[in-house]
Amino acid sequence: MLHQLEIRSLTRLGAWLLAVAGLALSPAGSAQSGNPIKIGYGISQTGGLAPNGKSALLAQQIWEEDINAKGGLLGRPVKLVYYDDQTNPATVPALYQKLLDVDKVDIVIGGYGTNLLAPAMPVVIQKNKMFVGLFGMAVNTEFKYPKYFSMIPLGPTPKTAMSKGFFETAIAQNPKPQTVAIVAADAEFPINGSEGARENIKAAGLKIVYDKRYPPATTDFAPIVRAIQAANPDLVIVCSYPPDSVGMVRAVNEVGFKPKMIGGAMVGLQSAAIKAQLGPLLNGWTNFEYWLPVPKSRV
């Protein structure tokens, strides 16, 4: 059920996202051609973000079929042109060069997530294209590209917004927690998330007793969990992508570490497939979730 809700929500998000991107085309020029409007992007079908990427692609394909049945965009059919980015940022620039220079797509949109959006930005900026990113946090903070639109419900301060609810819930406890550990993968999204967490920790008057990053290719999280446990924090904020989110949950249960609260900024735990895989190991974790209030949606 949750999986279908995710698909339907992404379908509606994708429809709005792509329709907005369609405005980048000239209606007058579009009306003169029956050629498809080609929308190009990379999307994770393998690698760590594959569960999220597969759901997103399915939603976009549903939208493509639906919008074409209704006459397309601006009187033209729509064709999705996509490649598997393998959840590997190093593959992204070449994919977008190919989309723009070889496939000659009319519109480029982002793949799924911060780590895959950031390496596409320089290519898109060079080509002066409008760019819509799906679930990328603070991707445009450094670039400040005026033609970038962020499709994520984190508002104007995304870095702090990601973990704000976690800390608001934590400090409402009695007795109030005093100490925090921060652990993050050494990659774009987790680094952004940990920066925001530090701001929230300072505002809440808490003390950081552990603050370290781990390589994205890490597979054994037990030593990391034991190091955090040795610091004896009340709270643990984890900034991670799906493979390490799963690894961290398993390691915490294996070690028997039980802080007052743990979680916060873990991508992947929202996926129905990962929830089914971890089952009761997720008991006691506190994490973020996105949902779309669509009154007419039925699951």
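The values are calculated or read from the model by the stated rules, or taken from the named source; none is laboratory data. Everything numeric in this text was worked out from a predicted model, so none of it was measured. Cβ atoms come from the backbone with ideal geometry, glycine included; neighbour counts cover every protein chain shown. The protein model used for the area step is the full one, side chains on, heavy atoms only, and it has no ligands, DNA or RNA in it. Shrake-Rupley method; radii C 1.70, N 1.55, O 1.52, S 1.80 Å.
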Exercise. Take a quick pass over region 72-164 and tell me how many lysine pairs come in under 18 angstrom between Cα atoms, counting only ones 8 or more apart or on separate chains.
Key: 12
Self-check item: Interchain or long-range residues, amide H under 5 Å from PHE149's placed H
Solution: PHE131, VAL132, GLY133
Quiz prompt | Relative contact order of region 167-241, defined on C-alpha pairs under 8 angstrom at six or more residues apart (%) | solution = 48
Quiz prompt | Which label in [x] 67, 41, 32; [y] 47, 44, 41; [z] 58, 43, 39 gives the computed Cα extents along the principal axes in Å | solution = [x]
Exercise. DSSP loop (so not H, G, I, E, B), at most 10 other Cβ within 10 Å: list which trypsin sites (Lys or Arg not before Pro) in region 79-152 pass both filters.
Key: LYS104, LYS144
Quiz item: What 222 nm value per residue comes from the helices of the chain, counting each DSSP H run with n ≥ 4 as -39,500 (n - 2.57) and dividing by all residues, nearest 500 deg cm²/dmol?
Solution: -13000 deg cm²/dmol
Quiz prompt | Column: log10 I(q)/I(0), Debye, Cα scatterers of region 152-299, q = 0.15, 0.20, 0.21 Å⁻¹ | solution = -0.74, -1.30, -1.42
Quiz prompt | Normalised alpha carbon radius of gyration of region 73-191 [divisor 2.2 N^0.38 Å] | solution = 1.32
Self-check item: Exposed-site-free run, longest, the chain (rule: GluC sites (Glu not before Pro); DSSP loop; at most 11 other C-beta within 10 Å)
Solution: 143-288
Exercise. In a Gaussian network model over the chain where Cα atoms closer than 10 Å are linked, find which of ALA185, ALA251, ALA120 has the largest mean-square fluctuation.
Key: ALA251
Practice problem: Just add up the charged neighbours of GLY47: K/R +1, D/E -1, any other residue whose Cβ is under 10 Å from the Cβ of GLY47. | Solution: -2
Quiz item: Roughly how much of LEU206 is accessible, in Å² to the nearest 10, using a 1.4 Å probe?
Solution: 20
